[in-house]
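Have a look at the structure below, then the notes.
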Amino acid sequence: MDIRGKRVVLDSSVLSGHQEGLRRRLEELRAEVVPRSLGPGDVAFGWSGDAFEGVPVLPVAELVDAVLSGGGHDVAVPEWFAEERERLAALERERGVTDEHRAATARLRELGARLRHPYVNAAATFKDYALSPCGRWLATARWDMRDDRGTLQIWEMGTGRSVNVIDEIEEGVGWPGYRETVQWSADGTRVAVAFSTNLVGAWEAFGERLDPLGTADVTDGKDAAAVFAFKPDGSGAYISMRGDHEVTGCVAALDQGKIFHPESEHGVEQLPEPIPEEFARHLDDREWSFVRVRWSKDGTRLLGSDGRGWACSVDMPGGRMRWLVRADFPVEFSPDDRRLASVTDGLLRVFDADTGEEVGEPVRQAEGSLHWGMRGNTPVLAVVAEHGGGVTVHDENGRPLHRLDIATTGNTGRGFFEGEERPWAWAPSGTHGACLTGDGRVEVWSLDDTAARVGSFPVPEGSVAVLWGAGDVLAVLGERTLRFVRALTGEAMGDYTFGEDEDGEDDENEPPVEQGDLLHGVFEADPFPLGGGRWGVLASPAAGPGEALVITDGENRDDLDAVLAWVVGRRFAWPVRWGDLDVVPDVEAAEDRLAR
């Protein structure tokens, strides 16, 4: 963030004495510090939530970073980055870390790369997650329900590292057991999140601002997450709610600040089209309400189910119901919006999602969770039965292709309030699949003309979800754990554990300095676990003399490399082993370094 010449609004705590000389340094950069009472300014630092309408609110660390760097960085990812990272990885396999690696890292640091670790809000546990449309990034919602602190975190799948964090989301993100509380825009630049129980907000996935682009508070105030569908263009969302129209809900803007009520004249569109008589006679009170919903990729339809045995398609805008079919929960739509499937009365039924007409013949199928993938331009379906019942793979019309003898887990995610459970993942190619087992493993299968198990490896205890991203990397998640694994080799690329036991922290394994404690009067301590009761500490912001500083009891580069990364543009990670770290053994040594 470049703050030169800008009007800056600061939380009073920022200037409470612990940031000595900060106001003077801002004035040197021709930045004017203004009180909140005189207007919103150009940028605000240190305020919680969305305290300023239309003004970016950034963490204090970004302010200090800007001051230390002489105004601030707007980091652009160099054009050579991806190609150079791949070339240097090949070189390392051949010759180890060389001067070329160190020179490239130094260049990135000059461009604004920053040292980061993933353990922000370390006590929070996972509530939901979603892959970006391209599969290159994973968005996770974590929530520490003791203090209602929510964290939206972006991970790069190809490296298994955290590249961006939006922390301190008010009153938590997601909701226990609810799925689709984290959704990406079609271009992969924005993420919408259900937060603060009933609200929906949208954030820039790779942006620096803490506050959302916009929020909508239009639901009925129930003690549950909002049910919503993010518009493909990222400008707004359909949000399910009671109303005066037969197709309930509204479309609320998520890029225009706060929207408080469905009757707002600004930023809210109702769905006024009545339900056709041929469909209305099947519904109680001539009303339709989605409990699971998604927006079609072309932006012309809502697709979903009511959780009571029906699925439908609604044309947008206006809300004209196109078709209504009998389909028991769970109902799943294929990624290309062409098919929907449901197991109803022990039969797998597949429908054309454009017309609502059944395709193929129903086939006997044990109940389980449904998982669509794409093989080229053709949908393919996996049904995961519970408790060792195996997996059946079907073609786009429901015909069985393979029966996989897998000791499947009991956590199939079939139930309505089991949204975190996702035991099956299709490879982007559709030629492979991965499945969690009941004995704590992931099995990887090849699914071409014949089916064959090609890999099996253990996963953390309590894992309930597996996602298959770009580069054939799996993300395996539990309530407290996240592991990135190469699908075809089982090689672990990142392994993280969040949250605390019910008994709380272990006093013998506390960090050497508390989170937020001052280092040399300017930097804040940023501790992170290294496993085995060991800790490391970064200076926050990782800029100026604290750019490469790490406090840890012993220089174990493998441990540091497994957690830390140089992050470029809040989008990409670069191995720390390719550059030089300033590792010191204690706080006193760190103070000496920062004073230079």
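Details
- Near pairs, Cβ below 6 angstrom, 6+ apart or cross-chain, from the range 379-396 (without any contact (Cβ under 8 Å) to a residue 40 or more places away in the chain) to any residue that is among the aliphatic types (A, V, I, L, M) and in a loop (DSSP other than H, G, I, E, B): ALA385/ALA366; GLY389/ALA366; GLY390/ILE406
- The condition of being surrounded by fewer than 22 Cβ atoms within 10 Å (Cβ to Cβ) and either of a type in the set (Asp, Glu) or at pLDDT below 95 (or both) holds for GLY207.
- Which numbered condition GLY388 fails, given (1) of a type outside the set (Asp, Glu); (2) surrounded by fewer than 17 Cβ atoms within 10 Å (Cβ to Cβ); (3) part of a strand (DSSP E or B): (3)
- Taking the range 536-585 as the range and being of a type outside the set (Lys, Arg), surrounded by fewer than 23 Cβ atoms within 10 Å (Cβ to Cβ), within 25 Å of the chain's Cα centre (by Cα) and assigned to a loop (DSSP other than H, G, I, E, B) as the test, the residues that pass are ALA562, VAL563, GLY569, PRO575.
- Looking across the range 130-142, the residues that are touching a Phe, Trp or Tyr at 6+ places or on another chain (Cβ under 9 Å) and either open to solvent by 10 Å² or more (accessible area, probe 1.4 Å) or touching a residue at least 60 places away in the same chain (Cβ under 8 Å) (or both) come down to ALA130, LEU131, SER132, PRO133, GLY135, TRP137, LEU138, ALA139, THR140, ARG142.
- Residue ID - surrounded by the fewest Cβ atoms within 10 Å (Cβ to Cβ), chosen from residues in the range 311-325 that are outside any strand (DSSP E or B) and touching a residue at least 60 places away in the same chain (Cβ under 8 Å): PRO317
- Residue tally, condition part of a loop (DSSP other than H, G, I, E, B) and either open to solvent by less than 10 Å² (accessible area, probe 1.4 Å) or in contact with a helix residue (DSSP H, G or I) (Cβ under 9 Å, 6 or more places away or on another chain) (or both), over the range 280-305: 3
- Residues satisfying the stated conditions in the range 240-258, i.e. farther than 25 Å from PHE279 by Cβ and open to solvent by 70 Å² or more (accessible area, probe 1.4 Å): GLN256, LYS258
- Long-range neighbours under 7 Å by Cβ, at least six apart or interchain, first residue in contact (Cβ under 8 Å) with a residue 60 or more places away in the chain and more than 23 Å from ARG414 (Cα to Cα) within the range 168-185, second open to solvent by 50 Å² or more (accessible area, probe 1.4 Å) and not in a strand (DSSP E or B): GLU168/SER48; GLU170/SER48
- Residue within the range 180-189 that is closer than 16 Å to ALA225 by Cβ, open to solvent by less than 40 Å² (accessible area, probe 1.4 Å) and part of a strand (DSSP E or B) present: yes
- Positions within the range 391-405 being in a loop (DSSP other than H, G, I, E, B) and in contact with a Leu (Cβ under 9 Å, 6 or more places away or on another chain), in sequence order: ASP395, GLU396, GLY398
- Strands (runs of 3 or more DSSP E) within the range 96-173 that include 3 or more residues among the β-branched types (Val, Ile, Thr): 161-170
The values are calculated or read from the model by the stated rules, or taken from the named source; none is laboratory data. It should be emphasised that the depicted structure is a prediction, and the values quoted were computed from it without experimental measurement. Note: ideal-geometry Cβ built from the backbone for every residue, glycine included; neighbour counts use all protein chains shown. Heads up: the accessible areas ignore ligands, DNA and RNA and are worked out on the full protein's heavy atoms, side chains in. Shrake-Rupley method; radii C 1.70, N 1.55, O 1.52, S 1.80 Å.
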